[in-house]
Amino acid sequence: MDSNHQSNYKLSKTEKKFLRKQIKASHTLLRHEGIETVLYATQSLVVANGGLGNGVSRNQLLPLLEKCGLVDALLMPPNKPYSFVRYKTTEESQKAYFALNGKEIEDDLGQKIILYLNFVEKVEWNELGLQTLPPGLMVVEEIISSEDEKMLLKSINWAENTDNRNVQKSLKHRRVKHFGYEFHYENNNVDRGKPLPGGLPYICDSILEKWLKEGYIKQKPDQLTINQYEPGHGIPAHIDTHSAFEDEIISLSLGAEIVMDFKHPDGVTVPVMLPRRSLLVMTGESRYLWTHGITPRKFDTVQASKSRKSGTITSDVGDLTLSKRGIRTSFTFRKVRQTPCNCNYPLVCDSQRKETPPSFPESDKEASQLEQEYVHRVYEEIAGHFSSTRHTPWPHIVEFLKALPSGSIVADVGCGNGKYLGINKELYMIGCDCSQNLVDICRERQFQAFVCDALAVPIRSESCDACISIAVIHHFATVERRVTALQELVRLLRPGGKALIYVWAMEQEYNKRKSKYLRGNRISQGMKGALSSNTSVQGLFVEQMSDVDSQDLACSVPSNDDLQEKGCNSRKVGNSKLPIHTNRTSFHSQDLLVPWHLKGNPAKDKPVQPFGPDGSHDPGPVFHRYYHVFCKGELEAACQTLSNVSILQNYYDQGNWCVILQKV
């Protein structure tokens, strides 16, 4: 196209729309992943929407790219909704850029997506390094023959029980049978005094005896749980209760392969391939300290090599693809423990844990003491480690701060390490927090911050244009103290000023982040209207960070009548002890203690080391933070009790209930 023709050329509406989306994809890659695109042609392209993280396999993408030229490399990072392709020549990459940009394809689930390609100067990917199986974990391939597999699967009668030898249940996402003892999911335990008649199925006797003789297991199990999983279903991350079972837990995978994720309390995650007819044996650290779970999805990220074996899934982005799940049946054998557990992990052992949870506070004084011990003191101890996990700003909070007029005075009440204090350089922001160590981190980063109580902030009334309170209000132990904290935010605002408030949600939507790369998050109608149409961060990625910490992922009744009407149907805590939450599981109580596993040097801002000096995994001390997690409508109802306030928006943001209110 010559210059005269180019100057007279006008883009159509469709072309303008596509260009906006392509630019948005480029901005999103830079903001979230640090991937910088260029406007001139190179040999390498980044393909937005064409990644393992949004259902596009290597076998699907590679032939499409090869139609445009000789592909030198196709790099598909695990769990990311984009990939990189490098061609032999720049001419070939240009051909792909024009031929495939805006091309609509179907992912492996049959959903339509649109590819957006941009040139990149260089392709870099930080490999995760060589991963090893968690200590004490063993995977034995081809532990049984195909004939034995067929025999075992055929022996399962999923019809109605007639002999009372087992307990059969249909859970939400799978069918289950228990033999020997019924496993109670409500407390993750068994009733030792009520064995099921008949013991384990006779068909298992010879197989177990063989494993004992060959040394794969050291004791004969007396409890069996059979689970049947449809594609797309999984199990939450968990640790089998220490006091319920002996050290050795084994699981036989039949019918289909699966990837099981093991996670250490320090955050190290190891995906482990369990091939069909393989035996998983968990003992020691892998059994007592690491959680294990299966992410609900219809595809697993696996090695593309045909000789697929058990073991860890590497981070070789040049050899990863998707594997469609099939119907999997697992036989999990355990031996019921008759004496208390005396493992080497007392801090996470229910038999050895000596800490007694505090009672629910019945007065303001008791609430203050609870917060002092289980909020203020804990954050002083974990400040450095906590700060190292708080580095990614949340898109909607960034939106709020960047939409404020230049020169606005903004208070961040409960600022933590100050990650939001420098978001918008056009604002005058000041932070405050109850933790001296966190405030010190803010000051080291050249932010204005001071120590104070969020119930009595030493800032003049009506002096702020805006306030933010991110993951703070849920640390107050009574409804009255939570309302007082909200009133204090309103007091700081001038008439017309706005406050943004985030609190943890009781209704954690685990494993439901299915939004496509440019499809946006599912948000409330109120939020949709408030977000700017030209934002480049409106939920474009599948994996947005949650202020529910990676460690935390797992109802007391408010006394206020309005909260009871609009809150949730919750059970009273009364004088009972507060429950201790199991990390990375759903919440079962509104008022609870959430464990924090401290790693590395507790000095502030020191890097966290996941291993001890001898190379072994060191669990480190465990601290417990008090939380009141909010039910749907509860935060909004609390704000409605305030005078001179109008609620502009309320919405759910990846594990949090959020409100934007305005002082009128």
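Take the conditions (1) part of a helix (DSSP H, G or I); (2) surrounded by fewer than 19 Cβ atoms within 10 Å (Cβ to Cβ); (3) of a type outside the set (D, E, K, R); A96 misses just one of them, which is (2). Among the residues of region 351-367, just one is at pLDDT 90 or above, in contact with a helix residue (DSSP H, G or I) (Cβ under 8 Å, 6 or more places away or on another chain) and either crowded, with 19+ Cβ neighbours inside 10 Å or of a type outside the set (D, E) (or both), namely A367. Residues in region 612-629 that are in a loop (DSSP other than H, G, I, E, B) and at pLDDT below 50: G612, P613, D614, G615, S616, D618. Report whether or not Y87 is modelled with pLDDT of 85 or more and over 22 Å from R20 (Cα atoms). Judged against the criteria, Y87 is a match.
Within the bounds of region 360-372, is there any residue that is assigned by TED's automatic domain parsing to the domain that holds V490, assigned to a helix (DSSP H, G or I) and touching a His at 6+ places or on another chain (Cβ under 9 Å)? Yes, because at least one residue in region 360-372 is assigned by TED's automatic domain parsing to the domain that holds V490, assigned to a helix (DSSP H, G or I) and touching a His at 6+ places or on another chain (Cβ under 9 Å).
Selection of first residues in region 191-202 that are assigned to a loop (DSSP other than H, G, I, E, B) and of second residues that are among the β-branched types (V, I, T), restricted to Cβ pairs under 8 Å at least 6 apart or on distinct chains, gives the following pairs, ordered by first then second residue: R192/V336; L196/V167. For region 441-458, the condition of being among the acidic types (D, E) and over 23 Å from A505 (Cβ atoms) holds for at least one residue.
Within region 377-385, can one find any residue that is touching a Leu at 6+ places or on another chain (Cβ under 9 Å) and surrounded by fewer than 20 Cβ atoms within 10 Å (Cβ to Cβ)? Looking through region 377-385, at least one residue is touching a Leu at 6+ places or on another chain (Cβ under 9 Å) and surrounded by fewer than 20 Cβ atoms within 10 Å (Cβ to Cβ). When the test is whether a residue is buried (at least 17 other Cβ atoms within 10 Å of the Cβ) and farther than 22 Å from T321 by Cα, T42 passes it. For the condition under 32 Å from the mean Cα position of the chain (by Cα), within 29 Å of V259 (Cα to Cα) and surrounded by fewer than 18 Cβ atoms within 10 Å (Cβ to Cβ), P78 qualifies. Hey, does region 308-328 have a residue that's in a strand (DSSP E or B), at pLDDT 90 or above and within 26 Å of the chain's Cα centre (by Cα)? Checked region 308-328: at least one residue is in a strand (DSSP E or B), at pLDDT 90 or above and within 26 Å of the chain's Cα centre (by Cα). Within the option set D364, D350, being over 27 Å from G416 (Cα atoms), in contact with a Ser or Thr (Cβ under 8 Å, 6 or more places away or on another chain) and of a type outside the set (S, T, Y) holds for one residue only, D350. Evaluated against (1) under 17 Å from T332 (Cβ atoms); (2) out of contact with any Lys or Arg (no Cβ under 7 Å at 6 or more places or on another chain), H264 falls short on exactly one condition, (1).
The residues of region 416-432 that are farther than 12 Å from P393 by Cβ and surrounded by fewer than 22 Cβ atoms within 10 Å (Cβ to Cβ), listed by number, are K425, E426, L427, Y428, I430, C432. Just checking, how many residues over region 154-181 are part of a loop (DSSP other than H, G, I, E, B) and modelled with pLDDT of 90 or more? Summing the residues that are part of a loop (DSSP other than H, G, I, E, B) and modelled with pLDDT of 90 or more in region 154-181 gives 2. Beta carbons closer than 7 Å, at least 6 apart along the sequence or on distinct chains, pair a first residue in region 400-423 that is assigned by TED's automatic domain parsing to the domain that holds Y651 with a second that is of a type in the set (D, E, K, R) and surrounded by 23 or more Cβ atoms within 10 Å (Cβ to Cβ) for G414/D433; C415/D433; G416/D433; Y420/D412; L421/D412. Just one of the listed residues (K402, K365) is more than 30 Å from G255 (Cα to Cα), of a type in the set (D, E, K, R) and more than 27 Å from the chain's Cα centre (by Cα), and it is K365. Selection of region 645-664 for residues being outside any strand (DSSP E or B) and farther than 15 Å from D465 by Cα yields D653, Q654, G655.
The values are calculated or read from the model by the stated rules, or taken from the named source; none is laboratory data. Quick caveat: nothing in here was measured; it's all calculated off a predicted structure. Here the Cβ is made from the backbone with ideal geometry for all residues, glycine too, and neighbour counts use every protein chain on show.
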